[in-house]
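Notes follow once the structure below has been shown.
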Amino acid sequence: MHHPLLDTFITVADCGSLTKASERLHISPTAVMKQINALESHLDLKLLDRTRAGIRLTKVGNIIYRDAQFMIDYSKKSIAGAKKAALDYDTTFCVGTSLLNPAKPFVDLWYRTNKDFPDYKLHLVPFEDNHEGILSEIEKLGEKFDFLIGVCDSKAWLSRCRFLPLGRYKKMVAVSRKHRLADKKRIDIEDLYGETLMIVKRGDSGVNDFLRNDLENHHPQIRIQDTPQFYDLSVFNRCAETGEVLLSLECWSEVHPALVTIPVNWEYSIPYGLLYSPNAPSDVLKFVEKAREITK
């Protein structure tokens, strides 16, 4: 980080002689002289007086000599600190966390596997569940995050990452606390007759498309209304404000305090798991394999 010619200058000042400095630096006296001249030219300052008795520092040379020693020492400490930080970064897993994709399932998994990663630490990186920007977050796997963990059967997501399924979450519905169904512990599909059910628009999720087809073909008494392809908090707000029913998941029961999440007597569920980069490094792949082993 410091100018390498400062090392030569300090050696000359300490030795008081170009010849002695050249012996210590293992270069010729001429090379030492050229380096001192180059430093003086670079700084536009005269640092040394050459006398018959040897080398003497000028007034400004004494100032540069004093401060150069500090600069070199500080530079070494800075580089050592940077190397330590790089090492710490290399032994840290960065895990994305958001309201709809919290890192808790990853943390639970981590405590079952971290004996195989004794030097590693976790760093949680928050991100927003913005339905317009979520794909750009997925694309940052391998850069901003090592892992995300969440619900995934999205074709758009899976085209941008690799996915290790860890389990499944049941499909449920969410309603306003004032809704007529809010007090029910469990409902049948027929309880939704006459209601408007909010579902992500067709084309990205196989599970959601299959469920939508079932409702449209066998339960036309339920009105279907499209939501954006990916949920964010605005979708839950809309459900709370309009009194409509929202297709939701058991893991989202605490997302919105004004909503109640209710099980439905159907068999629909969706996979959740680890998302990681298609070009993941070896330590990430090792963790994925350990996770695969303990969740078989």
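The values are calculated or read from the model by the stated rules, or taken from the named source; none is laboratory data. All values derive from a computational prediction rather than experimental measurement. Because the Cβ atoms are built from the backbone with ideal geometry, glycine has one as well, and the counts that use them run over all protein chains shown. Each accessible area value is taken on the protein alone, full model and side chains, heavy atoms only, with ligands, DNA and RNA left out. Shrake-Rupley method; radii C 1.70, N 1.55, O 1.52, S 1.80 Å.
Considering only Pro4, Leu192, Gly273, and ranking their Cα positions along the charge dipole of the chain that arises from unit charges at the beta-carbon of Lys, Arg, Asp and Glu, the one farthest toward the positive end is Pro4. Sorting the segments 44-52, 19-27 by their residues' average number of neighbouring beta-carbon atoms within 10 angstrom, most packed first, yields 19-27, 44-52.
Stretching Lys155 away from Asp188 to a fully extended chain increases their span by 8.9 nm, per 0.36 nm per residue minus the current alpha-carbon distance. With springs only between Cα atoms under 10 Å apart, run a GNM on the chain and tell me which of Asn37, Asn237, Asn213 wobbles the most. It is Asn37.
Rounded to the nearest 10 degrees, the inclination of helix 59-90 to the longest alpha-carbon principal axis of the chain is 30 degrees.
The spacing between the range 28-74 and the range 105-141, judged by their C-alpha centroids, is 53 Å.
Can you tell me the dipole magnitude for the chain around its Cα centre, using point charges on the Cβ only (Lys, Arg +1; Asp, Glu -1), in Debye to the nearest 20?
For this selection, approximately 1260 debye.
Principal-axis analysis of the Cα atoms of the chain puts helix 104-113 at an angle of about 60° to the longest axis. Among the trypsin sites (Lys or Arg not before Pro) within the range 147-241, those in coil by DSSP and having at most 10 neighbouring Cβ atoms inside 10 Å are Lys178, Lys185, Arg186.
In terms of Cα to Cα distance under 16 Å, which lysines are near enough to Lys296, apart from those fewer than 8 places away along the same chain? In chain and number order, the partners are Lys286. Between the entries (i) -0.28, -0.71, -0.83, -0.97; (ii) -0.36, -0.82, -0.94, -1.05; (iii) -0.49, -0.74, -0.82, -0.91, the label attached to log10 I(q)/I(0) by the Debye sum over Cα atoms at q = 0.07, 0.11, 0.12, 0.13 Å⁻¹ calculated for this structure is (iii).
The lysines whose alpha-carbon is closer than 20 Å to the alpha-carbon of Lys20, local same-chain residues fewer than 8 away aside, are Lys34.
Against the main long axis of the alpha-carbon atoms of the chain, helix 29-43 sits at an angle near 60°.
Computed with a 1.4 Å probe over protein heavy atoms only, the accessible surface of the chain comes to 55 Å² per residue. Calculated mean residue ellipticity at 222 nm for the chain: -12500 deg cm²/dmol, from DSSP H runs with n ≥ 4 weighted as -39500 (n - 2.57), summed, divided by the residue count and rounded to 500.
When a 1.4 Å probe is rolled over the protein heavy atoms, the share of accessible surface on the chain that falls to carbon and sulfur comes to 52 percent.
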